[in-house]
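Colleague: Okay, handing you the structure first.
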Amino acid sequence: MSDIDLANDYVEVELEHLPLDAWHRARGGRMVPFAGYHMPVQYEGIMAEHLWVRESAGLFDVSHMGQVHLSGEGLDEALEQLIPADVKGVKLNGQKYSLLLADNGGILDDLMFTRWDDGLYMVVNGAVKYDDIGHMRDELPDAITLNHMDEQALLALQGPKAVDALSRIVPGVEALVFMTGGHFEWNGTKLWISRSGYTGEDGFEISVPGDKAEALADALCVEPEVKPIGLGARDSLRLEADLPLYGHDLDPEITPIMAALNFAVASKRRREEANFPGATRILMEREQGAVSKRVGLLVEGRQPVREGAAVLDVEGTEVGKVTSGGFAPTLGAPIAMAYVPAAMAEVGTRIQITQRGKVHEATVAAMPFVPHRYVRGAK
Amino acid sequence: MRYFTEDHEWVDVDGDVGTVGITDYAQGQLGDIVFVDVPEEGKEVSKGDEAAVVESVKAASDVYSPVSGTVIEGNADLADNPGLVNEDADGEGWFFKLTLSDPDELSDLMDEAKYEAFVAKL
């Protein structure tokens, strides 16, 4: 027996240990190499953990991600030179999803940033955080200070009962709405908490000093709604929720429009100014459509198609690729994300995929596969 | 008599018929199994050939035939209930049966005690 697909995230490098390493092992987490760290892929099983998050609350350790603080005179204007978001329009404690773009409009990373009273707080992907930091240090003017907050751990509490559990420990978080955050205190420890996440469920992300992470994780897991959840279920949850994963569904060859992330260029002012990287190409694609597009696929039968499988046209020629694929526990069926030519991107289009010599039938599906359950504020 | 490979397959031999599965250790490593592709009756396999595919939520793995022979049956129950491999890898979750073409190959495999010692070191 041999693993065919597990190799994706596995590289031969010296792995580092994150603050909760011993905590995961003590709780039976199976540790695997991920983004340069030992990380828990599962505890009791991906299926059970996935379903637990959809009905209760799961605690994820996402401390491998990069937390960055930016400050300095002219920060908003400077950051707008690197990302397409309306940075100036983000109010205190407001949060936004955006993309770090290369000059040609390709995606260098996806990220979240929040306005603090002393600058901007940003979370970037673990696997590329040092590249991101290097890019920002090179591109941002000297007046901007970038602080990599590598002493902070990051926990994500996700699921419909996350608010019940967390508000018992940290009163006040229930007042947050999706894509807002606030500074809180727990047992004398300062926390930054935003109502956001990457599972499609309501939930929170909690930045906590690394040396307090174990105590906080323990306190959360005492709550009856909460179980620790591995990165395996995080991957299947985000796939069901139509949330692309950097390094798989997004990379420097992909533009925001190809990735179906048009909302990332939603600001009229930014489009009129057209001064973000790759603006000419991205705005042209936004008007005319990109040549290929990220779509969701419902795969017939029970066998999952995986990253790298080829999408075929009617003549059997390879015209696209699966970028994420697996079994959707909530649906009980295999699903995938793939890039296909624009003409094949309509919902309902029949698609053929080949994988290891076998042809699979699939249909372009409306995404997300599982509806989002974010708690939004009144407009 | 049951024999084991270093790739975590087992073959249970009765006369010239072998029943092949993956070990309980292997199913535990794979996690939730969502799909199993077993070979069809009549397929000729050589020792070490990819004979089946087992897929968990996260990954696909090849299952190699521990011995050479001709497949006489694939476990049809796995099509509807791949989770049988998680529940009973050593029994109901078998993959396929074959007639052995070269029983001497069994001497290269481990017995249960040796396999247990092998797994203990992993």
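The values are calculated or read from the model by the stated rules, or taken from the named source; none is laboratory data. If you're wondering where the values come from, they're calculated on a predicted model, not measured in any experiment. Heads up, the Cβs are rebuilt from the backbone with ideal geometry, glycines too, and the neighbour counts pull from every protein chain shown. Ligands, DNA and RNA are excluded from the accessible area calculation, which covers all protein heavy atoms including side chains. Shrake-Rupley method; radii C 1.70, N 1.55, O 1.52, S 1.80 Å.
Colleague: So what's the gap between the Cα centers of region B:31-67 and region A:314-379, to the nearest angstrom?
Modeller: 25
Colleague: For A:Glu44 and A:Glu287, calculate 0.36 nm times their separation in residues minus their Cα-Cα distance, and state this gained length in nm to one decimal.
Modeller: 82.8 nm
Colleague: Would you calculate the separation in nanometres between label points at A:Glu55 and A:Ala378, each defined as 7 Å from the Cα along the Cα-to-beta-carbon direction?
Modeller: Between A:Glu55 and A:Ala378, the label points sit 3.4 nm apart.
Colleague: Between A:Ala343, A:Ala48, A:Ala233, find the one with the highest GNM mean-square fluctuation for chain A; connect C-alpha pairs within less than 10 Å.
Modeller: Its mean-square fluctuation being the largest, the pick is A:Ala343.
Colleague: Taking all protein chains in place and a 1.4 Å probe, what share, in percent, of the accessible surface of region A:210-346 do carbon and sulfur account for?
Modeller: Answer for region A:210-346 is 53 percent, counting heavy atoms of protein chains only.
Colleague: Same structure again: Hey, can you find the accessible area per residue of the protein assembly as shown for me, probe 1.4 Å, expressed in square angstrom?
Modeller: Value returned for the protein assembly as shown: 42 Å² of accessible area per residue.
Colleague: Considering only A:Ile229, A:Ile133, A:Ile206, give the residue with the highest GNM mean-square fluctuation for chain A, with springs between Cα atoms whenever their separation is below 10 Å.
Modeller: Between A:Ile229, A:Ile133, A:Ile206, it is A:Ile133 that shows the largest mean-square fluctuation.
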